[in-house]
Amino acid sequence: MSPVWDGLEKGMNTGNSNRAQIVFVWVMISLCFVAVAARMFQFQIYLRRVVLNITEEERDKIHVSQITLQPERGRILSRNNTLLAGTLPRDILVMERYNFLNPKNKKEKQQATLELIASIQNRTPEQVLKTIEKSTAVDFYLERLLSEPDRARVLEMLTARKVVGLRLDPNFKRYYPMKDLASNILGYVDRDGAGKYGVDGRYDDILRGKPCQYITAMDALSRPMFLDSSPPPRSPKGADIELTLDEFIQSVAEQELDEACKSSGAPGGCVLVMDPNNGEILAMAQYPRFDPNEYSKYPMANYRNRAISDAFEPGSLAKCFTMYAALAMGVTRPDTVIRCEAGFSVGRKVIKDVPGTRYGDLTATEILAKSNNVGTVKLALQCGEEALYQTFREFGMSGRTGVDLPSEGVCTIPRLSQWSKTTIAVLPYGYEMMATPIGLCRAYAMIANGGRAITPHVVRAVVNNETHQRLEPKQPYADQILSSEKTKMLAEMMTQCIEIGTGRHAKVPGFSGRIAAKSGTAVQLERDEEGRGRGYSKDKVVASFIGFLPVEAPRAVISVHIWEPDAEGPTHGGELAGPVFAKLADYVATRMNMQRNTSEIETPTSTPNSLAINKQKNQTPTPSVKDYLDQGVMPDVKGMTKGQVYELLKTLNLEGRFEGFGLACSQQPEPGESLEQIQVCHVNFSDEQLRQTKDALHE
């Protein structure tokens with residue numbers, strides 16, 4: 001091809017390139033014109049229709065703003081549909097910066113605005129002005145959640161047109177009507193509307209909904225003006241969450257735990273109540289707690305959920321895992337006799353029991369009931385390291401449970417390759433390992449349900465407030481991990497803990513079923529400032545007690561753990577945590593309609609003690625609860641169970657303070673006093689009252 005043709009071709013290519021650039025530039029310019037035209041339409045046509053429908057006087061008072069509508073946060077409900085967390089309307093104080101800094105504004109109004117803001121925020125007007133001048137935003141929040149008195153002051157000033165550049169945007173504040181009840185499960189919502197900890201933190205995206213933004217004309221009070229026919233925009237409300245929690249069981253669990261921790265000087269503790277058949281958590285109590293309505297007044301340590309995050313060496317609670325390994329390996333049977341001498345050596349490690357105890361020959365059942373260390377280690381040695389390691393893993397002692405709450409801790413045991421020569425001598429009774437309360441509760445649930453690995457959870461359902469669709473989260477399949485035959489055998493052995501062993505303080509009067517249980521007292525490591533172990537403490541222990549009831553068809557696993565009680569009082573798991581277990585089991589049995597010896601004690605519509613006796617003796621019945629309530633006076637609760645009293649007081653909006661367990665034997669205020677003067681009812685319970693009722697029924 002000749003050079004002439006080459007030059008022509010290059011010129012044509014250059015022309016095409018220039019033409020494409022010109023087209024691109026014109027397209028961009030056209031898009032800019034379209035954007036400007038759309039904006040002009042919005043202000044000149046759409047908003048003009050609004051302005052034309054108002055008076056001349058009102059027209060001079062309006063301006064245009066972009067509004068962000070915060071959605072109403074979804075509720076959190078108990079399994080009984082009781083509100084645990086809701087929302088209250090609270091306005092946001094917004095500064096319209098350019099409106100405030102407008103040179104046409106009077107200095108007096110600007111100064112009044114600064115003084116109003118300063119009084120709300122406890123600052124000086126000069127500090128407020130610096131904040132406004134430094135900001136580059138068109139609008140910004142001054143106060144996210146105005147108190148009702150502050151809102152009234154702002155509204156009064158706006159109405160009188162004494163301030164400029166302020167407006168009130170609608171918003172919502174989280175509130176918790178039960179105050180600190182289940183606060184470790186619920187979490188809280190901060191001033192920015194973000195969920196922290198617990199359910200509010202874990203499910204923040206589901207609960208908070210989606211904000212909505214729009215541009216509208218504002219009147220002199222900085223209120224949106226919806227004067228045309230179109231309805232005002234609305235932000236979709238967040239979804240509601242229904243929990244597995246039973247607020248009655250939760251309240252009793254917290255009360256009993258509080259009493260035990262305060263009386264023993266313990267700095268912390270937790271209680272779990274779980275359905276072993278499906279993993280539903282009925283209660284998860286903690287001491288100390290916090291009020292999520294005023295979360296900033298409490299130390300951050302109170303926000304932490306001990307029941308799922310705090311791992312510790314469980315001590316004798318692990319003996320059930322060792323005993324299962326021995327049963328599964330065929331090493332022992334419940335009636336196998338084993339020599340349990342005062343001391344037993346494994347290498348350089350000497351295994352001893354609690355000072356002052358000498359047992360001699362014990363059956364495997366007695367070893368578990370009396371929590372004998374020597375017999376437990378002997379069984380572990382017969383099982384071997386690998387079998388013991390695999391059994392502990394099957395019980396979930398090397399991972400998390402998958403509970404649907406944030407910050408779950410990890411259960412850990414050393415890998416088989418990391419075992420020392422003494423691991424086989426201490427792991428069988430719960431040392432050189434770490435376990436969380438939720439992990440231990442799930443492990444005992446596996447014994448109760450025949451060996452299935454259920455997943456603990458607190459969310460029962462999520463309800464979409466727009467479509468009203470109720471979605472129940474699908475729980476992972478519960479694999480059959482353990483032998484149902486051996487777990488049943490182990491459960492039978494565990495019933496002797498309360499009958500003849502370390503759990504004698506955990507007996508539940510009046511309960512006709514049997515309870516399988518195990519106590520634990522774990523000495524804790526002392527640590528230096530860098531977290532390194534300095535040996536075991538002489539007086540710091542975790543007192544624990546776990547059991548399930550009834551053994552025949554388990555419906556509840558109850559786990560109690562109390563950290564570092566005062567060494568001067570009871571510190572053993574059976575002595576300190578056992579009574580807490582007994583009182584809570586007493587209530588749970590009533591609440592869940594488990595079989596009891598006194599069939600007459602069923603409803604709070606009458607006082608069972610006096611009414612049942614009078615029926616037997618053909619005497620005139622005492623007044624029923626309804627009779628008292630019809631007169632507006634305090635009912636007679638004597639003879640009722642703790643659960644019946646609690647539910648009755650809740651219906652009367654009264655606070656209950658309880659002592660002891662069994663049946664109610666005395667109360668203050670006395671029956672017949674006007675309910676208008678009563679806020680708190682003190683009730684004492686007694687096991688003796690229960691025996692008197694039973695004797696009277698058989699006369």
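Observations
- When the alpha carbon gyration tensor of the stretch 94-168 is reduced to an equivalent ellipsoid, its three semi-axes come out at 17, 14, 12 angstrom, largest first.
- Projected label points at Asp528 and Lys626, each 7 Å from Cα along the beta carbon direction, are separated by 7.2 nanometres.
- Residue by residue, the stretch 396-407 carries 3J(HN,Hα) couplings of x, 8, 9, x, 9, 7, x, 4, 7, 9, x, 6 Hz when phi is fed to the Karplus relation 6.51 cos²θ - 1.76 cosθ + 1.60 (θ = phi - 60°); x denotes Gly or Pro.
- Taking amide H atoms as placed 1.01 Å from N in the peptide plane, the amide H of Val346 lies under 5 Å from those of Ile351, each 5 or more residues away in sequence or on another chain.
- The packing ranking, built from the mean of other Cβ atoms within 10 Å per residue, places the peptides 296-302, 307-313, 466-472 in the order 307-313, 296-302, 466-472, highest first.
- Applied to the stretch 384-389, the Karplus parametrisation 6.51 cos²θ - 1.76 cosθ + 1.60 on θ = phi - 60° returns per-residue 3J(HN,Hα) values of x, 4, 5, 5, 5, 4 Hz, with x for Gly and Pro.
- Highest-first arrangement of 386-396, 575-585, where packing means the average Cβ count within 10 Å: 575-585, 386-396
- Ranked by the mean number of other Cβ atoms within 10 Å of their residues, highest first, the peptides 416-422, 125-131, 669-675, 288-294 fall in the order 288-294, 125-131, 669-675, 416-422.
- Which listed pairs, of Lys352/Lys507; Lys179/Lys297; Lys130/Lys173, have C-alpha distances above 21 Å, in listed order: Lys352/Lys507; Lys130/Lys173
- FRET efficiency for Ala35 and Lys134, using Cβ-Cβ distance with R0 set to 35 Å, rounded to 0.05: 0.70
- Here the extension length gained between Lys262 and Thr455 equals 66.3 nm, from 0.36 nm per residue of separation less the Cα-Cα distance.
- Size-normalised alpha-carbon gyration radius of the stretch 539-596, reference 2.2 N^0.38 Å: 1.28
- Long-range HN-HN contacts of Glu96 with modeled amide H, under 5 Å: Leu166, Arg167
- Per-residue 3J(HN,Hα) values for the stretch 128-138, derived from phi via the Karplus relation 6.51 cos²θ - 1.76 cosθ + 1.60 with θ = phi - 60°, read 5, 4, 4, 4, 5, 5, 6, 5, 10, 7, 5 Hz in sequence order (x marks Gly and Pro).
Here, each number is a calculation from the coordinates, and none is a lab measurement. Small disclaimer: the values here were computed from a predicted structure and weren't measured. Every residue, glycine among them, receives a Cβ derived from its backbone with ideal geometry; neighbour counts consider all protein chains shown.
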